[in-house]
Amino acid sequence: MKYVIILFVLVLVIFLVVNYYPPLGGKSSADSKRRIHESANFIDGKFHNQIPTSMDYSLKDTAGALYDTIKGNPNGRPKVTLPMEIFDAKAFSDSTEDQVMWFGHSTLLMKVSGVKLLLDPVFSKYASPVAFAGPKRYSNKPLAQIEDLPDIDVVLISHDHYDHLDYESIRKLKGKVKQFIVPLGVAGHLTKWGVDPSQIKELDWWEEASYQGLTFVSTPARHFSGRGVRSGSSLWSSWVIQGKQSNVYFSGDSGYGPHFKEIGDKYGPFDLALIETGQYDVKWANIHMVPEESVQAYQDVKGKVMIPIHWGAFTLALHSWTDPIERAKAAADKLGVALATPKIGEKVIIGSSGFPTSSWWESIEK
């Protein structure tokens with residue numbers, strides 16, 4: 001009887017956490033569920049990639065990955081705080097230039113045609129469903145706190161993984177953001193966290209939304225989604241952002257695939273391409289690109305300048321923290337690709353022939 005009670009309590013706790021622990025997100029509305037089930041990408045109860053994308057790992061692979069994770073990499077994290085520019089919210093708000101600032105990983109602050117955008121905002125100390133453990137940010141705090149940011153017109157989300165959709169960040173942002181634009185199925189998380197449904201637009205692949213003269217297009221990526229035990233219930237997207245003068249591509253997370261060329265043919269060329277370049281492993285080859293593939297993806301979408309993202313803030317893989325940028329730079333140099341390498345917070349003017357190219361990471365203590 002004692003063990004039955006323990007088992008019952010354990011099952012009850014798991015049920016309550018899965019269904020009611022806020023950071024795990026919420027369920028889709030009736031209207032969202034209808035659209036999800038009507039989507040051509042939703043098959044057999046979950047979203048699928050355009051091409052077969054196996055994520056089946058053997059017990060041996062899982063055990064090996066666990067061992068390697070525990071063992072760690074002595075160069076997996078920088079030993080000192082990375083250099084950052086000083087963030088000036090007033091200067092950003094007053095500027096009339098189309099521009100972008102990288103906050104580390106995949107968080108970016110942009111201005112396009114005067115519209116202020118925030119992409120995949122993660123400002124927490126950990127990229128995790130809990131506030132005290134998980135992949136820890138390299139610096140003690142981000143470039144700026146959410147309270148330091150100007151009011152934001154649009155928050156754009158690529159998918160619902162914890163290093164891209166952060167509970168605490170959304171909770172703090174909801175009062176200073178006018179519009180959230182997200183992949184199909186993600187709205188349920190936001191509404192559970194207090195965002196007004198009228199402020200959320202959900203898009204399926206190839207659908208468009210307009211805001212103050214900008215056009216946002218949800219385009220395919222090769223990845224997956226899920227928080228807690230729910231996997232594949234929401235879509236993952238890359239994004240096209242079209243302004244009056246600037247055309248920008250944001251890859252989100254993605255393995256390499258034919259969708260990049262398809263996007264380039266439909267919406268390119270792009271003045272700026274923000275391409276996932278870090279947190280890869282041979283076991284995840286279908287859902288994360290190695291840097292050489294990232295440079296190829298940039299060429300496929302017909303980019304004019306590339307900024308490598310998805311590195312520089314959290315360690316989510318076993319490679320050294322500088323491996324993504326070192327390999328991306330080597331590939332770009334070999335192919336004659338225009339690679340921008342801004343420090344965290346360093347302004348990049350979209351469409352300008354001048355952009356940051358320093359190898360600033362080389363001066364960081366090994």
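The values are calculated or read from the model by the stated rules, or taken from the named source; none is laboratory data. Model, not experiment: these values are computed from the prediction. So basically every Cβ, Gly included, is an ideal-geometry build from the backbone, and we count neighbours across all protein chains shown. Surface accessibility is based on the protein's heavy atoms, side chains included, excluding ligands, DNA and RNA. Shrake-Rupley method; radii C 1.70, N 1.55, O 1.52, S 1.80 Å.
Using a 1.4 angstrom probe on heavy atoms only, work out the carbon and sulfur share of the accessible area of the range 252-340 in %. Don't jump to the answer; show the numbers that get you there.
Details: 1540 of 2880 Å².
Of the solvent-accessible surface of the range 252-340, carbon and sulfur hold 53 percent.
Counting only Cα atoms, I'd like the Rg/Rh figure for the chain, Kirkwood definition for Rh. Don't skip to the end; give the middle numbers.
Working: Rg = 20.0 Å, Rh = 21.0 Å.
That ratio is 0.95, to two decimals.
Which percent of the accessible heavy-atom area of the range 105-169 goes to carbon and sulfur, probe 1.4 angstrom?
Numbers: 900 of 1870 Å².
Here it works out to 48 percent.
Label points 7 Å out from Cα along the Cβ direction at residue 262 and residue 130: separation in nm? In this crude spin-label approximation the distance works out to 4.0 nm.
Ordered by 1.4 Å accessible area with all protein chains kept, 47, 132 run largest first as 132, 47. Under the simplified labelling scheme, the residue 215-residue 88 pair shows an inter-label distance of 3.5 nm, with each label point 7 Å from Cα along Cα→Cβ.
Given a 1.4 angstrom probe, what's the average accessible area per residue across the chain, in square angstrom? Solvent-accessible surface per residue comes out at 44 Å². Packing-based ranking of 84-90, 102-108, 342-348, 298-304 yields 102-108, 298-304, 342-348, 84-90, ordered from highest to lowest mean Cβ neighbour count within 10 Å.
Take the Cα of residue 285, step 7 Å toward its Cβ, do the same at residue 97, and the gap between the two points is 4.1 nm. Computed 3J(HN,Hα) for the range 125-136, one whole-Hz value per residue from the Karplus formula 6.51 cos²θ - 1.76 cosθ + 1.60 where θ = phi - 60°, is 6, 10, 8, 6, x, 10, 8, 10, 7, x, x, 9, glycine and proline marked x.
If I take every Cα pair under 8 Å that is 6 or more residues apart in the chain, average their sequence separation and divide by the length, what percent do I get for the relative contact order?
Numbers: 752 pairs, mean separation 69.9, N = 366.
So the answer I get is 19 percent.
For residue 223, what is the net charge nearby, where nearby means another residue's Cβ is under 15 Å from its Cβ and Lys, Arg count +1, Asp, Glu -1? Display every interim value, and only then the final one.
On the way: positive: 46, 222, 227, 283; negative: 120, 160, 163, 253, 276, 281, 293.
Spelling it out: positives minus negatives among the neighbours equals -3.
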